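Step one of this worksheet: look at the structure below.
The values are calculated or read from the model by the stated rules, or taken from the named source; none is laboratory data. Note that the coordinates shown come from a computational prediction; the quantities given were computed from them, not determined experimentally. For neighbour counting, all protein chains shown are included, and Cβ atoms are generated from backbone atoms with ideal geometry for every residue, glycine included. Ligands, DNA and RNA are stripped out before the accessible areas are found, and what is left, the full protein with its side chains, is counted by its heavy atoms. Shrake-Rupley method; radii C 1.70, N 1.55, O 1.52, S 1.80 Å.
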Amino acid sequence: MNAQHRGTIVVVSADVGAGHDSAAAELTRRLADRGFAVHRVNFLDLLPRPARWMFREAYRGVLRWAPWGYDALFTITGRSRLVVAVLRGVLAPLRGRARRAVPPGTRAVVTTYPFANQLLGPLRRRGLLPVPLVTYVTDFVVHPTWVAPGVDIYCTLRHARHDASGAGGPLDVRTVAPLVSATFPAATGTSRRAARRRFGLPERERLVLIVAGAWGTGDIEATVADVAAADGVRTVVVCGRNATLRQRLRGLTPHVLGWVDDMPTLMRAVDVVVENAGGLTCQEALSCGVPVITYRPLPGHGRANATVLAAAGLTRWAPSAEQLRRAVAALAASQPPAPDGWTGGWADPAGLVADEVGRQAGTGCAAYRRRRAVLDAVDEAVGVLATVLPSIRWTGGR
């Protein structure tokens, strides 16, 4: 079916790491296959230009240099409805920009980033976003920062832990299959020998893949050393776009890779995956049927995901170097799990969005368009005042 016959769906993500954007890209592909035109929006592009760089680099810096700070922030926002409400208020001046990012004729908006819910949810609740608002939660934990009044549907993964704090009412939560490319389970059709030749890896060794995410965050050097101490295994490390980390690791293991475009084949080449976030890499490995160990998980969402995954029996969480070595040895010699063992039978998020579009009108109305012009001006004025008032107070106090 031609895309113009089904309309446009807006997908809001954020280029913070790779997980949110990867989920958005896969959702975009599936929606396009169903005949929709997809308009991608980067949440960070809604911020004023200087704030975009500051937000991304501050997040990266906290994860790398002050993980305890990120852990504290994750804990505070997880326990206090007020803190999440404050976050929602801070984002309020951006609502005009958010509305303008949704083109006329849009049939639905889907988010893959939690802060986007705090920005768009209030618009939906007030009737200023007259189309369904659906979110796909990229983690195994529905942290309260994902939860906002006005979100119609929360798409969560199997065994996800729900927290309705700050929702203002019951959540419509649907369990869905992960937004992982079909190339991952399909990679099992490639022979392990061919996969290893593709990356120049030894054909007869037991290989453990250590993944550090797009930014190469976490105590990866210690992880490499601890895995290498296990009997009879070789390490393969993916450093993402962290060239500095890749250079440091060259002296620890001969198989150090940067950004890898063909992750399905690489996962087919290895026996075990060791990761620290419980996000995209974990979902991809499970879809390939590769056993996963979580070790030295990142603070905040990494530890929360590890808890849920281990409790569900989907992964193993190794809390010490000795337990890591035992888990690596056991899994490297075991029969791999079935590739569809945790995804089979669950709804396709793209199908769920398409069904929701079919149930609700998404064309808006003239009254909405008139209110939108007025409120855009009001939101811009609020943004200016929020910037100017602190300096006025400071001047008056001298």
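Here is how the numbers come out for the structure above:
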quantity	calculated
Hits in the range 111-135 (condition: assigned to a strand (DSSP E or B) and either touching a residue at least 40 places away in the same chain (Cβ under 8 Å) or open to solvent by 10 Å² or more (accessible area, probe 1.4 Å) (or both))	111, 134
Any chance residue 183 is modelled with pLDDT under 90, of a type in the set (S, T, N, Q) and either surrounded by fewer than 22 Cβ atoms within 10 Å (Cβ to Cβ) or within 26 Å of the chain's Cα centre (by Cα) (or both)	no
Qualifying position, being closer than 30 Å to residue 261 by Cβ and either within 21 Å of the chain's Cα centre (by Cα) or touching a residue at least 60 places away in the same chain (Cβ under 8 Å) (or both), among 106, 138	138
Answer from 40, 29, 34 - the residue that is more than 18 Å from the chain's Cα centre (by Cα), of a type outside the set (A, V, I, L, M) and open to solvent by 20 Å² or more (accessible area, probe 1.4 Å)	34
Residue match in the range 237-244 (condition: surrounded by fewer than 18 Cβ atoms within 10 Å (Cβ to Cβ), over 24 Å from residue 327 (Cα atoms), at pLDDT 90 or above and of a type in the set (Lys, Arg))	yes
The range 80-96 - residue that is free of Cβ contacts under 8 Å to residues at least 60 places away in the same chain and touching a helix residue (DSSP H, G or I) at 6+ places or on another chain (Cβ under 6 Å) and, of those, nearest to residue 43 (Cα to Cα)	91
Per-region count, the range 308-340, residues in a loop (DSSP other than H, G, I, E, B) and either at pLDDT below 80 or in contact with a Lys or Arg (Cβ under 9 Å, 6 or more places away or on another chain) (or both)	10
Test: residue 208 is open to solvent by less than 30 Å² (accessible area, probe 1.4 Å), free of Cβ contacts under 8 Å to residues at least 40 places away in the same chain and not basic (Lys, Arg)	no
Residues that are open to solvent by 30 Å² or more (accessible area, probe 1.4 Å) and closer than 16 Å to residue 220 by Cα, drawn from the range 256-297	257, 259, 296
Complete set of residues in the range 47-78 that are without any contact (Cβ under 8 Å) to a residue 60 or more places away in the chain, part of a helix (DSSP H, G or I) and farther than 30 Å from residue 37 by Cα	50, 54, 57, 58, 59, 61, 62, 65, 69, 72, 76
The range 345-364: number of residues that are open to solvent by 50 Å² or more (accessible area, probe 1.4 Å) and at pLDDT below 65	2
Residue 108, sole failed condition from (1) within 17 Å of residue 136 (Cβ to Cβ); (2) open to solvent by less than 20 Å² (accessible area, probe 1.4 Å); (3) part of a helix (DSSP H, G or I)	(3)
Residue 103 vs. criteria open to solvent by 20 Å² or more (accessible area, probe 1.4 Å) and either farther than 25 Å from residue 305 by Cβ or at pLDDT 95 or above (or both)	yes
Any pair with Cβ under 7 angstrom, 6 or more apart, that starts in the range 250-268 at a residue that is of a type in the set (S, T, N, Q) and ends at one that is open to solvent by less than 30 Å² (accessible area, probe 1.4 Å)	253/224; 253/235; 253/237; 265/187; 265/195
Number of positions in the range 145-165 that are assigned to a helix (DSSP H, G or I) and either on the phi > 0 side of the Ramachandran plot or surrounded by 24 or more Cβ atoms within 10 Å (Cβ to Cβ) (or both)	1
Tally of residues being assigned to a loop (DSSP other than H, G, I, E, B) and more than 14 Å from the chain's Cα centre (by Cα) across the range 277-295	3
